[in-house]
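Notes follow once the structure below has been shown.
The values are calculated or read from the model by the stated rules, or taken from the named source; none is laboratory data. Quantities reported herein were computed from a predicted structural model and do not represent experimental measurements. Using ideal geometry, Cβ is built from the backbone for each residue, glycine included, and neighbour counts are taken over all protein chains shown.
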Amino acid sequence: MKIGFLFPGQGSQFVGMGKDLYEKYECFKDIYDNVKNITGIDVAGISFEGLDDKLDKTKYTQICILTMSLGILEILKQNNIQAEVSAGLSLGEYSALIYSNLLDFEDGVKLVKNRGEYMQDLAPEGNWSMAAIIGLDDEKVETACNNASSGFVVPVNYNCVGQVVISGEASAVEEAGKIAKELGAKLVKTLNTSGPFHTEKLMESAKCLRNDLDKTNYKKFTSKVVKNIDGTFYKDEDNYPEILTKHIISPVRFSKSIETMLNDGVDTFIEIGPGKTLSGFVKRMSKDKQVNILNIGDVESLEKTINFVKENKDE
């Protein structure tokens, strides 16, 4: 069995996420307490009760999702369950980098707190939107964006074969969606996110984060991590500040990331955090392979996963 961890990104959040884990596992609760001490943010209150509707605000969404993923990792660590490879969607890459030891816990938490604040507070004013184009190949989605004449719109998340997310001005996203349908898209779904994420419009956010990244201490990887920006493995000689700066303004190549993990021999994928979105991507990308796809988002799915891995770890 070769395990790969997957960490979700923004958009997977929901009020109540992680609450049952918090109530049952002391080590999970400790992670929330540590994050609160580092950031001053009541992550538990926002995640479990949705205080003041903060959970859907980028400056809180990111730190809340990260904290849940790190809490689950702590439970898995105590059960001696580890991964040789990991990847995360956008924000989720930071969970992977903390797990792999490149970033220590406190530095990683501080970076994600600041990243969320920059992406919310420094985003240009405008009516921004994101939409998932389903059932159309990458090139046709790119054509739909190029042919939209009512404003700025570009592909930003290449999630899996047949699913690409576009982002930009709301009118242009709507127009590109209509063109995509004319080109054969099965579905165009508007997403619960705001802001021109993973586009050049977040250049100011990227510049501010770069200052933080340049001051960060990076350690040696203890496991492999796949990069969002090109779907290849990080290398020890990589310029980490440059990569993570580009990360904010570049498309996410998650379909390539899954492909890389499959080609590396990963046969058991475990999604760690709210939702099952990434599990669905793997399912679509691995139809011709024998793989196990699990997710951990609550006590029941956690215990199911722990039992499965312990029963099959020698295979």
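Tell me whether the stretch 264-272 contains one or more residues that are more than 22 Å from residue 28 (Cβ to Cβ), in contact with a helix residue (DSSP H, G or I) (Cβ under 7 Å, 6 or more places away or on another chain) and surrounded by fewer than 18 Cβ atoms within 10 Å (Cβ to Cβ).
no
Out of the residues in the stretch 4-18 meeting the condition of being over 12 Å from residue 64 (Cα atoms) and more than 11 Å from the chain's Cα centre (by Cα), tell me which one is surrounded by the fewest Cβ atoms within 10 Å (Cβ to Cβ).
For the stretch 4-18, the residue satisfying everything is 4.
I'd like the residue in the stretch 117-137 that is of a type in the set (D, E, K, R), touching a residue at least 24 places away in the same chain (Cβ under 8 Å) and surrounded by fewer than 16 Cβ atoms within 10 Å (Cβ to Cβ) and, out of all such residues, is farthest from residue 177 (Cα to Cα).
The residue in question is 121.
Would you say residue 151 is in contact with a helix residue (DSSP H, G or I) (Cβ under 7 Å, 6 or more places away or on another chain), part of a loop (DSSP other than H, G, I, E, B) and either touching a residue at least 24 places away in the same chain (Cβ under 8 Å) or not acidic (Asp, Glu) (or both)?
yes
Name the residue that is nearest to the chain's Cα centre (by Cα), counting only residues in the stretch 218-233 that are basic (Lys, Arg) and either outside the structural domain of residue 91 (by TED's automatic domain parsing) or buried (at least 18 other Cβ atoms within 10 Å of the Cβ) (or both).
Going through the qualifying residues, I end up with 227.
Conditions (1) crowded, with 17+ Cβ neighbours inside 10 Å; (2) assigned to a loop (DSSP other than H, G, I, E, B); (3) in the same structural domain as residue 96 (by TED's automatic domain parsing), marked per residue:
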{"residue": "235", "(1), (2), (3)": "no, yes, yes"}
{"residue": "242", "(1), (2), (3)": "no, no, yes"}
{"residue": "245", "(1), (2), (3)": "yes, no, yes"}
{"residue": "255", "(1), (2), (3)": "yes, no, yes"}
{"residue": "283", "(1), (2), (3)": "no, no, yes"}
